[in-house]
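**Q** I am attaching a structure below and will ask some questions about it afterwards.
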Amino acid sequence: MKRDKVGLVLEGGGMRGIYTAGVLDVMLKNNLWADGVIGVSAGALHGISYMSDQFGRDIRYYVRYRKDKRFMGFYSLAKTGDICDREFCYHEIPEKLAPFDYDTFKKNAEKIPCYAVCTNLETGKAEYKRLLDLKTNDIEYLRASASMPIVSNTVCVDGKKLLDGGTSDSIPVAAFRKMGYKKNIVVLTRPEGYEKGEDRLLNIMKRLYSDYPKYIEACRRRHIEYNKTIKYIEFLERKGEVLVIRPSRDMKVSRIEKNVDRLKYMYKLGWYDTKNRIEEIKKFML
């Protein structure tokens, strides 16, 4: 009997996403490979290090470069229009400072489909882009997935105007199931019981993106759709079709967290939460 394909669904969350890096490093250490990977924003960024089989890469460069004013902050925002400097984060770090293994990623991506989720400003809908080679314009889809509204320039690629995938599909478990991944390991970056409220910056978004009414509507409904998705995940979890890994405690790490010690603790929490359930995860993936 052929087993169901197992997908790995990775939520975003800015700096909170370093939790996901801890989860994925334990999976790499135990040689646990999903049949497909889909990530949103920070989830996509950490997902590619899993796909390139680079154990510990993300926590190393977070610790080393988080305090660099080009990594994330208002210096970069004022200078470039992006809170994360495009050249530094998507070229200098992966190409020189903390080399990304582009070849291994490409090799693995040919057999393990890997997707980044972006939001199309004109349609307000999610775009699920399969990443095959990050030396091509696939890197722009990855960047778009992690480009937070208000503090990022719109990413224009292949005639599309794109931003952070979290606006349209924060936890794309339903989309992955439609792609054939009937069992999913869902990695969340919020603790159990979290409920998203309406975005406090919605009025600013209405002004900044007034030319994109469908995008504004997606922003307005984001918390509603997010909370519905959490309920759906809980339903699938009861059926045994989803295994959820989420922070076992609230570390109070913000999307733009600057405290490196907190980031280390968040990473370690992801590590320990996963290590403590490793036999359960192995059984789920059989």
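The values are calculated or read from the model by the stated rules, or taken from the named source; none is laboratory data. Everything numeric in this text was worked out from a predicted model, so none of it was measured. Quick reminder, even Gly has a Cβ in these numbers, built from the backbone with ideal geometry, and neighbours come from all protein chains shown. Surface areas here come from the heavy atoms of the whole protein model, side chains and all, with no ligands, DNA or RNA. Shrake-Rupley method; radii C 1.70, N 1.55, O 1.52, S 1.80 Å.
**Q** Among the residues that make up segment 68-87, is at least one of them touching a His at 6+ places or on another chain (Cβ under 8 Å) and either crowded, with 18+ Cβ neighbours inside 10 Å or more than 19 Å from TYR267 (Cβ to Cβ) (or both)? Outline the logic, then answer.
**A** Within segment 68-87, the first condition is being touching a His at 6+ places or on another chain (Cβ under 8 Å), and the residues that meet it are none.
No, the conditions are met nowhere in segment 68-87.
**Q** If LEU201 satisfies all but one of (1) under 30 Å from MET285 (Cβ atoms); (2) touching a residue at least 40 places away in the same chain (Cβ under 8 Å); (3) not hydroxyl-bearing (Ser, Thr, Tyr), what's the number of the condition it fails?
**A** Just one mismatch for LEU201, condition (1).
**Q** Residue check, SER210 against (1) loosely packed, with under 15 Cβ neighbours inside 10 Å; (2) over 20 Å from the mean Cα position of the chain (by Cα); (3) within 19 Å of ARG177 (Cβ to Cβ), all met but one. Which one?
**A** Evaluating SER210 over (1) loosely packed, with under 15 Cβ neighbours inside 10 Å; (2) over 20 Å from the mean Cα position of the chain (by Cα); (3) within 19 Å of ARG177 (Cβ to Cβ) leaves (3) as the failure.
**Q** Which count do you get for residues in segment 178-189 that are more than 13 Å from the chain's Cα centre (by Cα) and touching a residue at least 24 places away in the same chain (Cβ under 8 Å)? Full working, then the answer.
**A** Pass one, segment 178-189, residues more than 13 Å from the chain's Cα centre (by Cα): 178-185.
Going one step further and asking which of them are touching a residue at least 24 places away in the same chain (Cβ under 8 Å), we end up with 179-185.
Residues in segment 178-189 being more than 13 Å from the chain's Cα centre (by Cα) and touching a residue at least 24 places away in the same chain (Cβ under 8 Å): 7 in total.
**Q** Within segment 233-281, track down each residue that is farther than 15 Å from GLU11 by Cβ, surrounded by 13 or more Cβ atoms within 10 Å (Cβ to Cβ) and among the basic types (Lys, Arg).
**A** Correct list: LYS258, ARG262, LYS264, LYS268, LYS275, ARG277.
**Q** Something else now. If you go through segment 102-145, how many residues are open to solvent by 10 Å² or more (accessible area, probe 1.4 Å), under 13 Å from the mean Cα position of the chain (by Cα) and under 23 Å from ASN31 (Cβ atoms)?
**A** Number of matching residues: 1.
**Q** Count, please, the residues in segment 36-67 that happen to be β-branched (Val, Ile, Thr), open to solvent by less than 10 Å² (accessible area, probe 1.4 Å) and more than 20 Å from SER152 (Cβ to Cβ).
**A** Of all residues in segment 36-67, those β-branched (Val, Ile, Thr) come to 37-38, 40, 48, 59, 63.
With open to solvent by less than 10 Å² (accessible area, probe 1.4 Å) added as a condition, the list becomes 37-38, 40.
Subset that is more than 20 Å from SER152 (Cβ to Cβ): 37-38.
Residues flagged as β-branched (Val, Ile, Thr), open to solvent by less than 10 Å² (accessible area, probe 1.4 Å) and more than 20 Å from SER152 (Cβ to Cβ) within segment 36-67 amount to 2.
**Q** For segment 49-101, name all the residues that are within 30 Å of LEU32 (Cβ to Cβ) and hydroxyl-bearing (Ser, Thr, Tyr).
**A** SER49, TYR50, SER52, TYR61, TYR62, TYR65, TYR90, listed by residue number.
**Q** Across segment 170-195, which residue is surrounded by the fewest Cβ atoms within 10 Å (Cβ to Cβ) among those that are of a type outside the set (A, V, I, L, M) and under 26 Å from LYS160 (Cβ atoms)? Full working, then the answer.
**A** Applying the first criterion (of a type outside the set (A, V, I, L, M)) to segment 170-195 yields 170, 172, 176-178, 180-184, 189-195.
Next, from what is left, pick out any that are under 26 Å from LYS160 (Cβ atoms): 170, 172, 176-178, 180-181.
Values: SER170: 25, PRO172: 28, PHE176: 25, ARG177: 19, LYS178: 10, GLY180: 12, TYR181: 23.
Taking the candidates together, the pick is LYS178.
**Q** May I ask you to list the residues in segment 148-166 that are under 13 Å from the mean Cα position of the chain (by Cα) and open to solvent by 10 Å² or more (accessible area, probe 1.4 Å)?
**A** MET148
**Q** Is segment 199-217 home to any residue that is of a type in the set (D, E, K, R) and at pLDDT below 95?
**A** Going residue by residue through segment 199-217, those that are of a type in the set (D, E, K, R) are 199-200, 206-207, 211, 214, 217.
Add one more test, that the residue is at pLDDT below 95, and what stays is 199-200.
Within segment 199-217 (the criterion being of a type in the set (D, E, K, R) and at pLDDT below 95), the answer is yes, since at least one residue qualifies.
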